[in-house]
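The values are calculated or read from the model by the stated rules, or taken from the named source; none is laboratory data. Bear in mind the structure is a predicted one, so any value in this text is a computation, not a measurement. Cβ placement follows ideal geometry from the backbone for every residue including glycine, while neighbour counts extend to all protein chains displayed. Surface accessibility is based on the protein's heavy atoms, side chains included, excluding ligands, DNA and RNA. Shrake-Rupley method; radii C 1.70, N 1.55, O 1.52, S 1.80 Å.
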Amino acid sequence: MKLKTGLLTSKTLITAVLAFVILVIISAADVFGGSSFSVFSEGNTNGNGNPDNSSAAFSGYATWISLLPPLVAIALALITREVILSLFAGIWIGAFFMMGYNPFAGTAESFSFLVNAMSDSYHVSIILFSLMLGGMVGVMSRGGGTRGMVDLLQRFAHNRTQGQVYTWLSALVLFFDDYANCLIRGNAMRPMTDRLLISREKLAYIVDSTAAPLAVSAVITTWIGFEITQISNSLSVLASQTEDPVLAAQLMQGADNAFLIFLDSIPYLFYPILALGFVLMVIVMKRDFGPMYDAEKRAISGNGVLRPGSVPAADTNMESLQPLDNRPHRWYNAVIPVATVIIVAMYGLYSTGVSGLEAGERTLTNIIGDADPFAALLWASFAGCAVAIALVVFQKVLSVGQALESLVGGMQSMLMAVIILVLAWGLGEVTQAVGTGPFLAGMLQDTLPIILLPGLVFFIASLTAFSTGTSWGTMAILFPVVIPLAVVMGAGVGFAGGENYGILLGSISSVMAGAVFGDHCSPISDTTVISSMSSACDLIDHVRTQLPYALVVAGVALLVGEIPAAFEFLHPVIGLAIGFVLLYVILRIFGKNPEEGVNQDQISASQTIK
């Protein structure tokens with residue numbers, strides 16, 4: 001009790017110090033109103049005499065002040081573990097600044113940011129997809145399908161290693177979209193990993209660290225169209241602004257062949273590729289370090305797959321989600337709805353992608369690139385709910401009323417995660433309004449040596465994604481800055497086979513890789529939240545345990561990938577091979593087997609799925 005009280009006092013003290021620092025910064029900004037410390041311009045008011053909330057009236061736009069809202073939210077979340085309050089604090093700080101230090105107007109504006117976040121059609125689609133998928137899982141659980149699937153998996157996953165390998169391999173089935181990858185895999189594999197004493201933190205790590213890396217590096221994914229469009233637009237805009245006709249023609253040729261440039265850049269995606277391999281290494285070598293080791297040791301010792309006192313992003317212990325007594329536990333009542341979601345999602349991607357293309361343009365890559373993933377996921381989750389209900393009702397496992405009650409219960413279990421998602425999106429609205437992304441992008445200067453560009457871009461992209469919580473937003477911000485900057489500095493002249501073409505490819509891939517790395521480290525990232533939600537893991541526990549692994553992989557990626565490739569000292573494939581060797585050595589030296597010191601008979605007995 002004393003320890004808990006002392007910890008609470010320590011958190012309170014740190015929070016108070018942080019609040020004091022913020023007040024000092026605000027005072028400094030007020031005192032130095034005419035200098036770069038100025039947060040607001042005089043006379044920035046609307047017709048009613050109130051401060052104008054537009055970013056144009058915010059004189060602190062794209063300055064160091066713009067870093068405060070995300071930093072406050074992230075620092076408070078990591079210190080206090082109170083995610084909802086921390087995220088709202090970040091939103092409130094940004095609105096407080098924008099409304100001229102008026103706390104009441106700032107509070108009102110905070111809710112305006114949340115309303116804007118919820119009015120975005122893509123965000124609404126993700127919320128509905130998450131709720132319906134949660135409802136489907138509720139019906140599967142109540143109808144005994146989830147337990148039946150676990151009973152089936154016992155024939156293949158006899159121990160913790162096999163269970164984790166199957167979880168890693170499941171990412172390859174859902175490679176086409178990161179949201180679907182996170183949501184479906186976490187919910188589908190969680191019952192098995194719980195029975196095998198795999199911590200929820202480890203499950204969330206495996207799910208999160210394989211979803212986005214696959215989506216960003218595979219050729220046929222929902223990301224491909226966005227990435228190619230960003231590359232093509234950046235080059236075409238630069239071509240239109242170039243006076244040299246020869247260079248302008250080369251740039252337009254590059255814009256017309258953006259897909260080939262993307263393909264050439266894949267070997268330079270050092271962090272995503274190394275992250276995928278590192279997850280498998282951790283599993284096969286049975287080695288962990290840092291907070292993940294403690295989490296795994298706790299789970300193996302029988303002290304719970306969740307940390308005592310943690311707040312899972314989804315509640316799986318509701319009565320309406322527990323299977324009924326004396327009812328059959330049939331595995332296909334879980335497998336068929338999940339398969340339905342996957343099949344309908346793939347069909348939705350195909351149908352929405354084909355609709356906007358001419359007959360001669362309908363290659364698989366173009367179809368997936370032009371698809372509407374949000375519509376496809378909505379169709380898929382609805383179909384999954386319908387099939388799950390039909391199966392249990394037709395077999396008389398549940399009545400219609402019981403099935404609908406389970407559907408609603410499954411949706412209710414996702415409520416905490418949906419709230420966190422909305423707050424994270426609201427904070428993203430704030431960072432956009434105060435110019436966090438443009439400020440970080442502005443740190444790239446054309447006076448730097450060209451060989452340092454890929455590494456610096458990776459760092460800036462990571463910081464931008466970490467602060468804004470969006471990998472796509474990071475790419476949208478940095479691609480129009482990085483590609484022209486690289487070309488102006490002499491990278492990619494003549495493109496394929498031209499001078500410094502590797503530096504251009506490294507810079508392009510660094511935007512994508514840095515965006516994924518920053519997402520993995522950020523507690524306000526939507527994919528981080530969704531991974532925690534589907535795995536029913538505490539969000540901050542997921543971030544704390546994944547962060548050391550992400551940092552190690554990023555460090556190796558810089559050391560053997562970004563920097564040597566820019567110097568043309570190593571071919572990127574050789575750099576990747578050396579990177580995997582280094583990661584293996586790091587795991588051998590610093591990693592420990594969490595099963596050591598635990599009674600093996602106890603582990604075997606606990607892992608036996610009855």
| In the range 232-272, what count of residues is obtained for those that are more than 22 Å from the chain's Cα centre (by Cα) and surrounded by 15 or more Cβ atoms within 10 Å (Cβ to Cβ)? | 21
| request: Would you mind stating whether L214 is within 30 Å of R155 (Cα to Cα) and modelled with pLDDT of 80 or more? | output: yes
| said: Just to be sure I understand the filter: pairs with C-beta atoms under 6 Å, separated by 6 or more residues or on different chains, first member in the range 268-289 and in a loop (DSSP other than H, G, I, E, B), second member buried (at least 24 other Cβ atoms within 10 Å of the Cβ). Which pairs pass? | reply: L269/S509; L269/A513
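What residue, among those in the range 493-503 that are outside any loop (DSSP other than H, G, I, E, B) and open to solvent by 10 Å² or more (accessible area, probe 1.4 Å), is modelled with the highest pLDDT?
Checked the range 493-503; the qualifying residue modelled with the highest pLDDT is G502.
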| request: Report whether or not S112 is farther than 19 Å from A380 by Cβ, of a type in the set (S, T, Y) and open to solvent by 30 Å² or more (accessible area, probe 1.4 Å). | output: yes
| remark: The condition from (1) closer than 25 Å to H329 by Cβ; (2) open to solvent by 10 Å² or more (accessible area, probe 1.4 Å); (3) part of a helix (DSSP H, G or I) that R155 misses is numbered (3)
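Rundown of residues vs (1) part of a helix (DSSP H, G or I); (2) open to solvent by 20 Å² or more (accessible area, probe 1.4 Å); (3) of a type in the set (S, T, N, Q), yes/no style:
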| position | (1), (2), (3) |
| --- | --- |
| N333 | yes, no, yes |
| P337 | yes, no, no |
| I367 | yes, no, no |
| A371 | no, no, no |
| field | Number of the exception - D177 against (1) open to solvent by less than 30 Å² (accessible area, probe 1.4 Å); (2) modelled with pLDDT of 80 or more; (3) of a type in the set (D, E) | value | (2)
| said: Residue under question is A380, and the condition is that it be in contact with a Ser or Thr (Cβ under 8 Å, 6 or more places away or on another chain), at pLDDT 85 or above, closer than 30 Å to Y350 by Cα and part of a helix (DSSP H, G or I); does it hold? | reply: yes
| request: For the range 587-609, enumerate the residues that are open to solvent by 40 Å² or more (accessible area, probe 1.4 Å) and modelled with pLDDT of 85 or more. | output: R588, I589, F590, K592, E596
| note | The lone condition P548 fails out of (1) in contact with a Gly (Cβ under 7 Å, 6 or more places away or on another chain); (2) outside any helix (DSSP H, G or I); (3) open to solvent by 10 Å² or more (accessible area, probe 1.4 Å) is (2)
| In this structure, is V354 at pLDDT 85 or above, open to solvent by 30 Å² or more (accessible area, probe 1.4 Å) and more than 20 Å from V173 (Cα to Cα)? | no
| When residues of the range 199-220 are limited to those that are surrounded by 24 or more Cβ atoms within 10 Å (Cβ to Cβ) and of a type in the set (S, T, Y), the one nearest to N593 (Cα to Cα) | S199
| query | G90: more than 21 Å from the chain's Cα centre (by Cα), surrounded by 23 or more Cβ atoms within 10 Å (Cβ to Cβ) and either over 30 Å from L378 (Cα atoms) or modelled with pLDDT of 80 or more (or both), yes or no? | reply | no
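Considering each residue of the range 61-87, count those that are assigned to a helix (DSSP H, G or I), among the β-branched types (V, I, T) and more than 24 Å from the chain's Cα centre (by Cα), and give that number. Don't jump to the end; show me each part of the working.
So the first thing to find is which residues in the range 61-87 are assigned to a helix (DSSP H, G or I), and the list is 64-80, 83-87.
Those still in the list that are among the β-branched types (V, I, T) too: 65, 72, 74, 79-80, 83-84.
With the extra rule that they be more than 24 Å from the chain's Cα centre (by Cα), the set shrinks to 65.
The total comes to 1.
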| remark: Subset of the range 115-139, residues open to solvent by less than 10 Å² (accessible area, probe 1.4 Å), in contact with a Ser or Thr (Cβ under 6 Å, 6 or more places away or on another chain) and aliphatic (A, V, I, L, M), comes to L133, V139
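Table: residues versus (1) under 29 Å from F129 (Cα atoms); (2) under 12 Å from the mean Cα position of the chain (by Cα); (3) surrounded by fewer than 24 Cβ atoms within 10 Å (Cβ to Cβ).
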| residue | (1), (2), (3) |
| --- | --- |
| L456 | no, no, yes |
| S471 | yes, yes, no |
| M475 | yes, no, no |
| V482 | no, no, no |
| A491 | no, no, no |
| L505 | no, no, no |
| F517 | yes, yes, no |
| C521 | yes, yes, yes |
| I524 | yes, yes, no |
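Kindly indicate whether R190 is touching a helix residue (DSSP H, G or I) at 6+ places or on another chain (Cβ under 9 Å), of a type in the set (K, R) and modelled with pLDDT of 85 or more.
Details: touching a helix residue (DSSP H, G or I) at 6+ places or on another chain (Cβ under 9 Å): yes; of a type in the set (K, R): yes; modelled with pLDDT of 85 or more: yes.
Yes, satisfied.
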| field | Residue check for N317: open to solvent by 50 Å² or more (accessible area, probe 1.4 Å), at pLDDT below 90 and closer than 21 Å to I530 by Cβ | value | yes
